[in-house]
Structures are given as C-alpha cells and as structure tokens.
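Engineer: Please find one structure pasted underneath; my questions will follow.
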Amino acid sequence: EDGVARVASLGDSRALLGSLDGGSSLAAEQLSDDHTPADYEEYKRCKASGARIMTMPQLRGLEPWADSWEKDRGSDDDAEEKLRIFARDRDMPGCTLTRGFGDSMAKSLGMIATPEMKTVPLTAADRYIILATDG
C-alpha cells in the first residue's frame, strides 16, 4: 500500500530508498543531502556567524583563497579539498559539516543541530530504506 516516509537528516548521514526499477533489479534514490559549506545556504549561514571557510590546502597557503563561495568550492570527493569551517582567529575547528551535535566552537561559527525534514511518497515498488552514518 502506498504511504509516506518522513526523513530527518543532518551532517553527512545518509538515507536511501531501494525500489524495484520495473523489473527485478533495485534502484537507489538518495533521500538526504549532506550539510556542508559546499551548499550555498549552509555557507552563507556559517559566514554570517564569522567563520572562515576554506580547504586544507588554502589554510596551509598552498592554494589561493578568495573568501568567496563561487571561487572556493573545493571538492567533496577529496578529504583535503573539502570546504571546512574555521574560526577567524585560529585554525580550528576545521569541520567539513555545517549541521551536527556537540561541537561548541563550530556552533559559534554557524553549525546547527536542526535536521532537514523531507516527506517522501512511497509506492508498491519501494522495498528498503537504508540509513547510514560513519559516526
């Protein structure tokens, strides 16, 4: 029977929906998004709280830093190239996430613990919901 799934996520936790693709194979649909400075709205909130946002090579002076979301995008595929949030006056905390729990310094730089909420319609083809985290 059709219904809905309510998904609440923050940080880099992942929710996936496994559904039949019309045959006997499963297809995966991403139900959650990472909350990182690579997302413009997340970037703006952290910048407004006083964060410096840059990659590790930019922090080390190995690459230029433009202090601009359009120019300092980084790469989510390489840990060194991910955008991170830092205090203006020190090279901490270096978080790659903009939503999470328990980091008081990151909280002062715009990190929030408010989850993103989604309601996803379910159909008879949907078989699994996978919830995953590395923490």
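The values are calculated or read from the model by the stated rules, or taken from the named source; none is laboratory data. The structure presented is a predicted model; accordingly, all values stated were derived computationally and were not measured. Virtual Cβ from ideal backbone geometry, glycine too; neighbours counted across all protein chains shown. SASA here: full protein model, heavy atoms, side chains in, ligands and nucleic acids out. Shrake-Rupley method; radii C 1.70, N 1.55, O 1.52, S 1.80 Å.
Engineer: Please report the spacing between the Cα centers of the stretch 9-33 and the stretch 62-105 in Å, no decimals.
Structural biologist: 28 Å
Engineer: If DNA, RNA and ligands are ignored and the probe is 1.4 Å, what is the ranking of 24, 104 by accessible area, most exposed first?
Structural biologist: Order by accessible area, largest first: 24, 104.
Engineer: Same structure, new question: Rounded to the nearest 20 Debye, what is the dipole magnitude of the stretch 33-76 about its Cα centre when Lys and Arg each give +1 and Asp and Glu each give -1 at the C-beta? Could the numbers behind the result be given before it?
Structural biologist: On the way: 7 positive and 10 negative charges, 61 e Å.
Around 300 debye, computed over the stretch 33-76.
Engineer: Using the heavy atoms of the protein chains alone and a 1.4 angstrom probe, what is the accessible area of the chain per residue in square angstrom?
Structural biologist: Accessible area per residue, the chain: 59 Å².
Engineer: Using Cα springs under 10 Å in a Gaussian network model of the chain, which residue among 38, 51, 28 shows the largest mean-square fluctuation?
Structural biologist: Per the Cα network of the chain with a 10 Å cutoff, 28 tops the list.
Engineer: Where in the stretch 83-127 does the amide nitrogen come within less than 18 Å of the point 7 Å from the Cα of residue 25, taken along Cα to Cβ?
Structural biologist: Inside the label zone: 125-127.
Engineer: Measuring from label point to label point, each 7 Å out along Cα→Cβ, what is the residue 44 to residue 118 span in nm?
Structural biologist: 2.1 nm
Engineer: Next question. Just tell me which aspartates and glutamates come within less than 16 Å, Cα to Cα, of residue 82; anything on the same chain fewer than 8 places away is out.
Structural biologist: By straight Cα distance, residue 82 reaches 12, 33, 34, 39, 42, 63, 67, 70, 72, 91.
Engineer: Relative contact order of the stretch 20-117, please, whole-number percent, based on alpha carbon pairs below 8 angstrom and at least 6 residues apart.
Structural biologist: 27 percent
Engineer: Enumerate the lysines that residue 118 could reach by cross-link, defined here as Cα to Cα under 23 Å, with residues fewer than 8 away along the same chain left out.
Structural biologist: 44
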